[in-house]
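Note sheet for the following structure.
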């Protein structure tokens, strides 16, 4: 089997896992990352997210620039090829940034510094996925 077929199968497995909402593997390491707007925040590092970013770049990154939000790769839920934008789960972003602050603080921080930021025509999409803990 060729490497290209292996990559395609990995992409299909990843897409199914995202659609099935399987939890990602987490690593207990922490990194300082730069969020949109130039601010820095510590977050957990993840294995799954790097693969998602790599797959988006593999399948879409060869023709035009793609803008990612640093440190929020684990919140990527897709790619919108018509607008050429990475799609993030707002709730997952809040979960990721809630490491050192409570959920309300993380929500307010992200609303002001990330979700509301415009960084050009490739600004990512921040989608409400309605996976609330009610």
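The values are calculated or read from the model by the stated rules, or taken from the named source; none is laboratory data. A quick note: this is a predicted structure, and the numbers were derived from the prediction, not measured. Please note: Cβ atoms are built from the backbone with ideal geometry, for glycine as well, and neighbour counts cover all protein chains shown.
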Reported set for region 78-103 where residues are at pLDDT 95 or above and loosely packed, with under 13 Cβ neighbours inside 10 Å is none
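Considering only residues that are part of a loop (DSSP other than H, G, I, E, B) and either in contact (Cβ under 8 Å) with a residue 24 or more places away in the chain or under 12 Å from the mean Cα position of the chain (by Cα) (or both), look in region 80-97 and name the one that is farthest from residue 64 (Cα to Cα).
83
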| message | Condition check: at pLDDT 90 or above and either in a loop (DSSP other than H, G, I, E, B) or within 13 Å of the chain's Cα centre (by Cα) (or both). Does residue 45 satisfy that? | response | no
Only one of (1) farther than 25 Å from residue 51 by Cα; (2) modelled with pLDDT of 95 or more does not apply to residue 126, and that is (1)
Checked region 98-132 for anything assigned to a helix (DSSP H, G or I), without any contact (Cβ under 8 Å) to a residue 60 or more places away in the chain and within 13 Å of the chain's Cα centre (by Cα); matches are 115
Selection over region 52-79 where residues are more than 13 Å from the chain's Cα centre (by Cα) and assigned to a loop (DSSP other than H, G, I, E, B) yields a count of 5
One residue is enough: does region 55-75 have a residue meeting the conditions exposed (fewer than 12 other Cβ atoms within 10 Å of the Cβ) and either modelled with pLDDT of 90 or more or within 19 Å of residue 127 (Cβ to Cβ) (or both)? no
